[in-house]
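To start, the structure under review is shown below, and the notes come after it.
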Amino acid sequence: MAFTGSGKIWMNGSLVDWADARIHIASHVVHYGSGVFEGARCYASPRGSACFRLDAHMRRLFDSARIYRMPPDIDQATLTDAVLETIRANGFKACYIRPIIYRGYNALGVNPFPCPVDAAILTWEWGAYLGQDALERGVDVRISSWARSAPNTLPTLAKSSANYANSSLIKMEAITEGYSEGIALDTFGYLSEGSGQNLFVVRDETIYTPPLTASILPGITRNSVITIARELGLRVREEMLPRELLYIADEAFFAGTAVEITPIRSVDKITIKDGSRGPVTTTIQRAFFDIINGETPDRHGWLTYVYPGEPLQTVAAGSAASRAR
Ligand SMILES: Cc1ncc(COP(=O)(O)O)c(C=O)c1O
C-alpha cells in the first residue's frame with residue numbers, strides 16, 4: 001500500500017509534515033543499517049482507539065537500542081507518550097505505528113559512535129498484511145533457501161533494520177515463486193520464523209513454537225498467543241522443531257503484528273490437513289480479536305487507549321463483530 005504522503009511525523013521531539021520528514025543521504029543508518037525499530041498497531045475498537053501492547057513494543061525498542069549501544073536522548077515513557085501524541089495529531093482511529101531509533105548524520109565510517117542517535121515515529125493506515133481473506137483462508141508458504149542469522153552474528157532479539165536484509169531475501173524469494181511467505185530455518189536446520197512473523201504448529205492438540213534460541217525475534221504477538229493458549233488450557237511447548245513437522249501438522253499459523261494470527265494453508269505445496277483453518281487456530285484468533293475488540297476484559301492491561309474519554313463504557317449492540325469470524 002503506497003503512502004498518502006500527508007499527515008504528521010514525530011522527529012526528535014517535534015511533529016513535522018510528512019513531506020518534511022527528511023534525513024541526509026550521508027546518515028549512518030542509510031549505509032550501514034544502524035537502526036532499531038518497532039511495528040505496533042492501534043485498533044479501532046468499539047470502546048475507542050487502542051494500541052495493542054504498546055509498552056511491550058517500546059520495551060523491545062529500548063532493548064534493541066541497548067544491544068546496539070544506541071541509547072536515545074529520550075526515555076521510554078516519554079517516547080511512548082510521543083507515539084500517542086503522533087496518533088492524535090494524525091487523527092487516526094486505527095493505524096500502524098513505526099517508532100525508529102537510528103544513527104544519523106555526522107561522519108561516514110563503520111564506527112557508528114560519532115553519529116547522533118536520532119528518533120522518529122511514523123504512523124499510517126494499514127490493512128491486512130497478507131490480503132483480506134488470509135485471516136480466514138490461510139496462506140501458501142515455502143521453506144526458504146535462506147537461513148536466519150546464526151547465533152552470535154546478527155542478534156535476533158534486537159529488531160534491527162539490518163536484520164531485514166535477510167527478511168527481504170526470504171520474502172522476495174517467496175513472492176517470486178508464487179508463495180505468500182517464506183519460513184526460514186536456523187543455521188542448524190530447525191524451524192525458525194517467517195520473514196516478519198513467528199510460527200506456530202499444532203499436532204495432537206499440542207501447540208509448538210520455536211524457542212528464542214532458534215534465531216527468532218521475540219514476538220509480542222507470539223507471547224500473547226502463548227499466554228492466551230495457556231489460559232484456555234491448551235498445551236504450549238517452546239522447542240526446537242524439525243522442518244517436516246510442518247508437513248504432518250494438524251494446523252499451522254503465523255503470529256505477528258502485521259499478520260495478526262494468519263493460518264498457513266500449505267507448506268512447499270503440501271496441504272496442511274484439509275487446508276482449512278483449524279479449530280485451535282480459530283480459537284486463538286477469536287480470543288485474540290476479542291481482547292482487541294473489547295469483547296473480553298483486558299485482563300493483562302494490553303490495551304492503551306489513545307484519546308481522552310476512551311475507553312467508552314458502553315458498547316453498541318452489534319458493533320463488536322470480531323474480525324476473525
Ligand atoms: C522477523 C520477525 N519475526 C517476528 C515478528 C513478530 O513480532 P511481533 O509479534 O512483535 O510483531 C516480526 C514482526 O515484527 C518480525 O519482523
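The values are calculated or read from the model by the stated rules, or taken from the named source; none is laboratory data. Just so it is clear, the model here is predicted, and its values are computed rather than measured. As a convention, Cβ positions derive from the backbone with ideal geometry for all residues, glycine included, and neighbour counts pool all protein chains shown. Just so you know, the surface numbers come from the protein's heavy atoms only, side chains and all, with ligands and any DNA or RNA stripped out. Shrake-Rupley method; radii C 1.70, N 1.55, O 1.52, S 1.80 Å.
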Can you tell me which condition residue 61 does not meet? The list is (1) farther than 20 Å from residue 156 by Cβ; (2) surrounded by 21 or more Cβ atoms within 10 Å (Cβ to Cβ), and all the others hold.
(1)
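Residue by residue, here is whether (1) in a strand (DSSP E or B); (2) hydroxyl-bearing (Ser, Thr, Tyr); (3) within 16 Å of the ligand (Cβ to nearest atom); (4) closer than 20 Å to residue 22 by Cβ holds:
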position: 41; (1), (2), (3), (4): yes, no, yes, no
position: 69; (1), (2), (3), (4): no, no, no, no
position: 84; (1), (2), (3), (4): no, no, no, no
position: 89; (1), (2), (3), (4): no, no, no, yes
position: 105; (1), (2), (3), (4): no, yes, no, yes
position: 108; (1), (2), (3), (4): no, no, no, yes
Has segment 229-248 got at least one residue that is more than 19 Å from the chain's Cα centre (by Cα), open to solvent by less than 60 Å² (accessible area, probe 1.4 Å) and in contact (Cβ under 8 Å) with a residue 60 or more places away in the chain?
yes
Find all pairs meeting these conditions: Cβ atoms under 9 angstrom apart; at least six residues apart or on different chains; first residue within segment 161-182 and at negative phi and touching a residue at least 60 places away in the same chain (Cβ under 8 Å); second residue assigned to a helix (DSSP H, G or I) and within 14 Å of the ligand (Cβ to nearest atom).
181/170; 181/171; 181/174
Could you tell me which numbered condition residue 187 fails, if it satisfies all but one of (1) within 15 Å of the ligand (Cβ to nearest atom); (2) among the polar types (S, T, N, Q); (3) out of contact with any Gly (no Cβ under 6 Å at 6 or more places or on another chain)?
(1)
Please specify each residue of segment 254-263 satisfying the condition of being open to solvent by less than 10 Å² (accessible area, probe 1.4 Å) and either free of Cβ contacts under 8 Å to residues at least 60 places away in the same chain or of a type in the set (A, V, I, L, M) (or both).
255, 259, 261
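In segment 273-297, which residues are modelled with pLDDT under 95 and either open to solvent by 50 Å² or more (accessible area, probe 1.4 Å) or farther than 25 Å from residue 139 by Cβ (or both)? If you could, list the steps in order and put the result at the bottom.
Just the residues of segment 273-297 that are modelled with pLDDT under 95, to begin with: 292-297.
The answer is 294, 295, 296, 297.
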Checking the conditions here, which among 296, 221 is part of a loop (DSSP other than H, G, I, E, B), within 24 Å of residue 55 (Cα to Cα) and β-branched (Val, Ile, Thr)?
296
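Quick grid of which residues meet (1) farther than 24 Å from residue 65 by Cα; (2) assigned to a helix (DSSP H, G or I); (3) open to solvent by 40 Å² or more (accessible area, probe 1.4 Å):
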residue: 148; (1), (2), (3): no, no, no
residue: 153; (1), (2), (3): no, no, yes
residue: 156; (1), (2), (3): no, no, no
residue: 170; (1), (2), (3): yes, yes, no
residue: 184; (1), (2), (3): yes, no, no
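Quick one: how many residues across segment 43-62 are assigned to a helix (DSSP H, G or I) and either within 12 Å of the ligand (Cβ to nearest atom) or modelled with pLDDT under 95 (or both)?
Pass one, segment 43-62, residues assigned to a helix (DSSP H, G or I): 54-62.
Remaining after also requiring either within 12 Å of the ligand (Cβ to nearest atom) or modelled with pLDDT under 95 (or both): 54, 56-61.
Summing the residues that are assigned to a helix (DSSP H, G or I) and either within 12 Å of the ligand (Cβ to nearest atom) or modelled with pLDDT under 95 (or both) in segment 43-62 gives 7.
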With criteria (1) under 29 Å from residue 55 (Cβ atoms); (2) open to solvent by 10 Å² or more (accessible area, probe 1.4 Å), residue 210 comes up short on (2)
What pairs come up if the first residue lies in segment 208-226 and is over 12 Å from residue 239 (Cα atoms), the second is hydrophobic (A, V, I, L, M, F, W, C) and open to solvent by 10 Å² or more (accessible area, probe 1.4 Å), and their beta carbons are under 6 Å apart, counting only those six or more places apart or on different chains?
218/157; 218/212; 220/56; 226/236
Can you name the number of the only condition in (1) within 10 Å of the ligand (Cβ to nearest atom); (2) outside any loop (DSSP other than H, G, I, E, B) that residue 196 fails?
(2)
